[in-house]
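Chemist: Got a structure here, written out as structure tokens. Questions coming.
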Amino acid sequence: MRVLVLDDDEETLEVAERALEHDGHQVLGARTPSEAARLLEATGVDLIVLDVMLGNASGLDFCRRLRQEGAEVPASGARSQPSGDPRRV
């Protein structure tokens, strides 16, 4: 399965990429919605995994835009917090 991972946190992105690759998936990583859009245009994916609260953008807005453009690829969102964030659970 080809998976696009969108997360603005480099460490989180790397962990997600390693975990998915370990499970046998081909992974494309992006740190911004515009980078993710370029990757989607260049190659199709089977699943999008994204951070819903990107630093200067919203992963949910990215998904909405994809749906408005007719994309039907499944997407799963999560929210990660940097290790120094006092709200971290």
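Chemist: Across segment 20-34, which residue is farthest from residue 59 (Cα to Cα) among those that are surrounded by fewer than 17 Cβ atoms within 10 Å (Cβ to Cβ) and at pLDDT below 95?
Modeler: 34
Chemist: I'm trying to understand the selection: among the residues of segment 70-89, which are of a type in the set (A, V, I, L, M, F, W, C), part of a loop (DSSP other than H, G, I, E, B) and either at pLDDT 75 or above or surrounded by 10 or more Cβ atoms within 10 Å (Cβ to Cβ) (or both)? So that I can check it myself, show each step before the final result.
Modeler: Taking segment 70-89 first, the residues of a type in the set (A, V, I, L, M, F, W, C) are 71, 73, 75, 78, 89.
With part of a loop (DSSP other than H, G, I, E, B) added as a condition, the list becomes 71, 73, 89.
Hits for segment 70-89 are 71, 73.
Chemist: Just to be sure I understand the filter: pairs with C-beta atoms under 6 Å, separated by 6 or more residues or on different chains, first member in segment 23-41 and of a type outside the set (D, E, K, R), second member part of a loop (DSSP other than H, G, I, E, B). Which pairs pass?
Modeler: Qualifying pairs under 6 Å: 25/1; 33/57.
Chemist: Evaluate segment 46-56: report whether one residue or more is more than 15 Å from residue 71 (Cβ to Cβ) and in contact with a Cys (Cβ under 9 Å, 6 or more places away or on another chain).
Modeler: yes
Chemist: Within segment 42-61, how many residues turn out to be within 26 Å of residue 24 (Cα to Cα) and in contact (Cβ under 8 Å) with a residue 12 or more places away in the chain?
Modeler: So in segment 42-61, the residues within 26 Å of residue 24 (Cα to Cα) come out as 42-52, 59.
After this cut, where a residue has to be in contact (Cβ under 8 Å) with a residue 12 or more places away in the chain as well, the list is 43-52, 59.
Going through segment 42-61 one residue at a time, the tally reaches 11.
Chemist: Which of the residues spanning segment 1-40 are of a type in the set (Gly, Ala, Ser) and in contact with a helix residue (DSSP H, G or I) (Cβ under 7 Å, 6 or more places away or on another chain)?
Modeler: Let us first name the residues in segment 1-40 that are of a type in the set (Gly, Ala, Ser), namely 16, 19, 24, 29-30, 34, 36-37.
Hits for segment 1-40 are 29, 30, 36.
Chemist: Can you tell me which residue in segment 39-66 is nearest to residue 79 (Cα to Cα), limited to those that are surrounded by fewer than 12 Cβ atoms within 10 Å (Cβ to Cβ) and charged (D, E, K, R)?
Modeler: Filtering segment 39-66 down to residues surrounded by fewer than 12 Cβ atoms within 10 Å (Cβ to Cβ) leaves 41-44, 55-56, 64.
Retained after the next criterion (residues that are charged (D, E, K, R)): 41, 64.
Details: 41: 25, 64: 17 Å.
This residue is 64.
The values are calculated or read from the model by the stated rules, or taken from the named source; none is laboratory data. This structure is a prediction, so every number in the text was calculated from the model and none was measured. Methodologically, a virtual Cβ is constructed for each residue, glycine included, from the backbone with ideal geometry; neighbour enumeration extends over all protein chains shown.
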